[in-house]
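Down below is the structure, laid out as structure tokens.
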Amino acid sequence: MPKIDWRPSAPLAHLRRRARIVAEIRAYFAEHDVLEVETPQLCPRTVTDPHLQSIRVPGYGYLQTSPEYAMKRLLASGSGSIYQIARVFRADEVGRLHNPEFTMLEWYRVGFTPDRLIDEVAAIARIALGEIGIVCRSYRDLFRTHFGLDPLSCSLDSLRSAARQQLDLAFDDADRDTWLELLMSQVIEPRLGIGELCFVLDYPPSQAALARLHADADGQAVASRFELYYRGVELANGYHELLDADEQGARFAADLRERELLGLPAVLPDERLHAALAHGLPDCSGVALGLDRLIMLAVGADSLREVMAFPVSHL
Amino acid sequence: MASYSTNEFKSGLKVMLEGDPCTILENEFVKPGKGQAFNRVKLRNLKTNRVWEKTFKSGDTLDAADVIDRELQYLYSDGEFFHFMEPENFEQYQASSATVGDAALWLKEQAVCTVTLYNGAPLAVSPPNFVELEIVDTEPGIRGDTATGGTKPARLSTGAVVKVPLFVNQGEMVKCDTRSGEYVSRVKA
């Protein structure tokens with residue numbers, strides 16, 4: 001009879017460390033009066049983002065890729081600052097740093113600017129990683145340093161040739177953001193946050209998602225969005241949240257057009273979220289942090305399998 | 001012809017890339033939380049043996065390569081081609097010296113080899129991991145010297161040259177590991 005591998009993929013010591021980190025994070029939020037909430041993992045609506053594929057549950061809708069929409073409905077209803085440690089699901093994401101089901105720590109701070117939220121993200125990261133410094137870099141600055149290119153204005157061809165100098169590519173693409181995301185994820189990211197927490201700020205407006213826009217120091221419109229990297233691993237993604245329901249509606253519509261172009265399944269926009277935004281979201285900043293990855297870095301592991309009891313490879 | 005998407009890529013899968021059959025060695029999924037996902041894929045080109053590290057957009061597909069490994073019996077060489085036979089149905093295949101390459105140094109008649117077939121023709125030949133071959137030429141042995149650990153070169157009946165212990169003689173059979181090209185042991189007659 002073949003030997004069946006039924007044991008967890010993570011050492012029990014890592015699971016104990018995981019439990020301690022989660023308990024300390026809950027204690028932090030309790031102390032700072034951030035309300036813990038729970039929202040459904042299974043909803044009739046899901047995200048429109050063309051790069052996030054939801055898992056469909058026939059008859060019910062979709063497993064949620066993030067608790068963002070439901071949490072924004074709570075914020076609009078007057079909940080004040082809230083957090084959630086949520087199980088979220090993303091189809092087709094399997095790898096060293098990806099598992100189709102994972103744990104996201106997501107929180108919203110009413111009245112916080114992104115700067116203030118960045119300080120709090122660093123405080124949460126230090127619960128797991130210990131005392132460690134932070135550095136902030138703008139997205140434009142990173143592209144100037146690594147490739148001598150301004151990502152907001154350089155030509156598509158210059159991005160393409162920068163990528164081809166670094167990587168042997170099996171594709172071509174006419175979408176500017178594909179090249180930006182390729183250079184960011186394959187070339188820049190592995191070098192970020194080597195000795196400290198590295199926050200990347202001010203993304204191109206085309207990558208704003210649910211962040212509002214603002215003018216950077218040169219007066220260029222950029223997304224008020226930040227990401228945290230540590231040891232080359234993307235850990236968190238935050239926004240100064242978009243409040244304008246019409247603008248959000250237009251971004252959803254643009255997502256749906258892109259989904260159609262890419263031949264992806266159509267999804268219906270979440271009209272309850274739209275109604276909540278129309279009612280009014282308080283001025284707030286929010287962030288989603290990959291808790292499994294944070295714990296992975298805390299224990300010095302290099303794969304999520306070492307901190308998840310039963311990743312998809314063990315089911 | 002079947003095709004495979006990047007999320008089906010796994011080690012050992014045979015695909016066509018730039019007109020050549022390749023085997024996938026590694027597949028790493030890289031995706032920004034928001035944004036396009038990519039796969040960094042290591043492949044070995046089965047024609048040239050070169051290793052490629054290619055970046056794909058996730059969801060891209062490659063055609064399957066008609067590549068299979070078969071266990072075939074080596075029959076003989078006519079000087080230009082090496083002839084192999086499928087023991088089940090006696091179907092014969094011929095492989096050029098270029099295709100057989102260094103494997104030729106270990107091929108003994110009747111030995112069962114792994115022959116990689118591409119579109120039905122041999123693309124590569126792997127000898128058995130262990131072979132037993134006769135020493136046809138080596139310096140005379142030093143009787144009783146099993147302790148000093150010295151070695152000497154010995155030519156085998158198939159043409160390979162391996163380092164053998166000093167006490168081993170011409171005419172003896174030795175077991176060798178074809179992957180490392182090393183002597184393993186003497187074979188008792």
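The table below lists the values:
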| item | result |
| --- | --- |
| Where B:G35 falls short, out of the listed (1) open to solvent by less than 30 Å² (accessible area, probe 1.4 Å); (2) within 11 Å of chain A (Cβ to nearest Cβ); (3) part of a strand (DSSP E or B) | (3) |
| Matching option when the condition is under 21 Å from A:D255 (Cβ atoms) and more than 11 Å from chain B (Cβ to nearest Cβ), among A:S206, A:S224 | A:S224 |
| Members of the stretch A:6-46 that are in contact with a strand residue (DSSP E or B) (Cβ under 9 Å, 6 or more places away or on another chain) and of a type in the set (K, R) | A:R26, A:R45 |
| Residue ID - farthest from A:R293 (Cα to Cα), chosen from residues in the stretch B:38-55 that are part of a strand (DSSP E or B) and away from every other protein chain (no Cβ under 12 Å) | B:N45 |
| Flag if B:S126 is away from chain A (no Cβ under 14 Å) and among the hydroxyl-bearing types (S, T, Y) | yes |
| Residues located in the stretch A:253-268, provided they are of a type in the set (D, E, K, R) and free of Cβ contacts under 8 Å to residues at least 40 places away in the same chain | A:R257, A:E260 |
| Filter pass, B:G59 being surrounded by 13 or more Cβ atoms within 10 Å (Cβ to Cβ), in contact with a Ser or Thr (Cβ under 7 Å, 6 or more places away or on another chain), on the phi > 0 side of the Ramachandran plot and modelled with pLDDT under 95 | yes |
| Within the stretch B:157-176, tally of residues that are in contact with a helix residue (DSSP H, G or I) (Cβ under 8 Å, 6 or more places away or on another chain), in a strand (DSSP E or B) and within 23 Å of B:G79 (Cα to Cα) | 0 |
| Residue satisfying condition, being within 17 Å of the chain's Cα centre (by Cα), buried (at least 19 other Cβ atoms within 10 Å of the Cβ) and either in contact (Cβ under 8 Å) with a residue 12 or more places away in the chain or away from every other protein chain (no Cβ under 12 Å) (or both), within set A:L180, A:L159 | A:L180 |
| Subset of the stretch A:12-44 that is in contact with a helix residue (DSSP H, G or I) (Cβ under 7 Å, 6 or more places away or on another chain) and assigned to a loop (DSSP other than H, G, I, E, B) - its residue that is farthest from A:D119 (Cα to Cα) | A:P40 |
| The listed residue being within 30 Å of B:T61 (Cβ to Cβ), hydroxyl-bearing (S, T, Y) and not in a loop (DSSP other than H, G, I, E, B), out of A:T178, A:T145 | A:T178 |
| Total residues in the stretch A:125-152, condition away from chain B (no Cβ under 14 Å) and touching a residue at least 24 places away in the same chain (Cβ under 8 Å) | 16 |
| Condition broken by A:R305, with the remaining ones in (1) over 30 Å from A:R126 (Cβ atoms); (2) modelled with pLDDT of 95 or more; (3) basic (K, R) satisfied | (1) |
| Residue list for the stretch A:231-260, restricted to those being closer than 30 Å to A:L304 by Cα, away from every other protein chain (no Cβ under 14 Å) and over 14 Å from the mean Cα position of the chain (by Cα) | A:R231 |
| Residue tally, condition open to solvent by 40 Å² or more (accessible area, probe 1.4 Å) and not in a strand (DSSP E or B), over the stretch A:55-73 | 4 |
| Filtered residue count, the stretch A:226-252, keeping only those that are more than 16 Å from A:D283 (Cβ to Cβ) and without any contact (Cβ under 8 Å) to a residue 40 or more places away in the chain | 4 |
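Residues are listed down the side, and each one gets a yes or a no for (1) of a type outside the set (V, I, T); (2) more than 25 Å from A:G238 (Cβ to Cβ):
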{"position": "A:R116", "(1), (2)": "yes, no"}
{"position": "A:V121", "(1), (2)": "no, no"}
{"position": "A:A125", "(1), (2)": "yes, no"}
{"position": "A:G130", "(1), (2)": "yes, no"}
{"position": "A:Y139", "(1), (2)": "yes, no"}
{"position": "A:L142", "(1), (2)": "yes, no"}
{"position": "A:A162", "(1), (2)": "yes, yes"}
{"position": "A:F171", "(1), (2)": "yes, yes"}
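The values are calculated or read from the model by the stated rules, or taken from the named source; none is laboratory data. Keep in mind the model is a prediction, meaning the values are calculated, not measured. Glycine also receives a Cβ, built like all others from the backbone with ideal geometry; neighbour counts cover every protein chain displayed. Note: accessible area is taken over every heavy atom of the protein model, side chains too, but ligands, DNA and RNA are not part of it. Shrake-Rupley method; radii C 1.70, N 1.55, O 1.52, S 1.80 Å.
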